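Structure record follows, encoded as structure tokens.
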Amino acid sequence: MNPKRLCRLEAGDWRKKKSTGFSLFELLISLALLTLMLTLLITTGTQTAKMWSESEEQEEMMAEGSAVLQMMCHDLRSASSPIQLQEKSNIFFLMRTPSDDLVTVGYFFDVNKKGHCYRFLANAKETLLAQSQGKLTELESHAAPGEAHCELIANHLLSWEIVPTWKNEKQMTLLEINLAFRKTTPRYFLSTVISLPPS
């Protein structure tokens, strides 16, 4: 047999026997790149989810805040008695309904659940009875979560500030209402000024 031909055969056999897989270094580089890509994808996904959640939270709170503010403004514009600002978080007054009934309305916070705000509404019969007996304050003292007259109107209203403007010592003419919303610390704010009917 020709020695050159034998040499070619041996070289061919060696090439067939040689491993065609990746070296350890190539595998390490591939794994490092894969890890980097996965980290970037996870980080991007997390940031997108966080932004989406914050956007939904803001939208929910602004809708809730707008509804609460409109409700308060509507009630206060129909007030037919001096507004009683009992505390920073309690406000009660008599209001005329479209059917000209006199009802008792109030807004207050749940002291046990942060952010929960309620609207209190006592009907005309109860209001008239309490007024004739001089027990309006007692009627208002029934304002508590879970009572029949109370309705939950906000889950994220952390605080409000109601600043009155007085025409004289007895007549309140304007109310500035500032509302602060979020789950833990105030972040979203709504405010308005309303004119009160003459007492």
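Taking ALA122 as the residue in question, decide whether it is under 15 Å from GLN70 (Cα atoms) and surrounded by 17 or more Cβ atoms within 10 Å (Cβ to Cβ).
Details: under 15 Å from GLN70 (Cα atoms): no; surrounded by 17 or more Cβ atoms within 10 Å (Cβ to Cβ): yes.
For ALA122, the condition - under 15 Å from GLN70 (Cα atoms) and surrounded by 17 or more Cβ atoms within 10 Å (Cβ to Cβ) - is not met.
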* Qualifying positions in the stretch 130-170 - farther than 24 Å from TYR188 by Cβ, touching a Leu at 6+ places or on another chain (Cβ under 9 Å) and either in a helix (DSSP H, G or I) or at pLDDT 85 or above (or both) -> ALA130, GLN131, LYS135, LEU136, LEU139, HIS149, CYS150
* Selected residue (only one of THR192, THR184 is under 29 Å from the mean Cα position of the chain (by Cα), of a type outside the set (D, E, K, R) and modelled with pLDDT under 85) -> THR184
* Within the bounds of the stretch 102-120, is there any residue that is farther than 17 Å from ASN90 by Cβ and either among the small types (Gly, Ala, Ser) or assigned to a loop (DSSP other than H, G, I, E, B) (or both)? -> no
* Of the criteria (1) without any contact (Cβ under 8 Å) to a residue 60 or more places away in the chain; (2) in a helix (DSSP H, G or I), which one PHE92 fails -> (2)
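In the set THR39, THR43, which member is under 28 Å from the mean Cα position of the chain (by Cα) and β-branched (Val, Ile, Thr)?
It is THR43.
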* What is the number of the single condition among (1) under 19 Å from LYS113 (Cβ atoms); (2) surrounded by fewer than 12 Cβ atoms within 10 Å (Cβ to Cβ) that HIS142 does not meet? -> (2)
* Asked: What do you reckon, is SER30 closer than 28 Å to LEU152 by Cα and in a helix (DSSP H, G or I)?
  -> no
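The values are calculated or read from the model by the stated rules, or taken from the named source; none is laboratory data. Quick caveat, the model's predicted, so the values are computed rather than measured. Cβ coordinates were reconstructed from backbone atoms using ideal geometry, including for glycine residues, and neighbour counts include every protein chain displayed.
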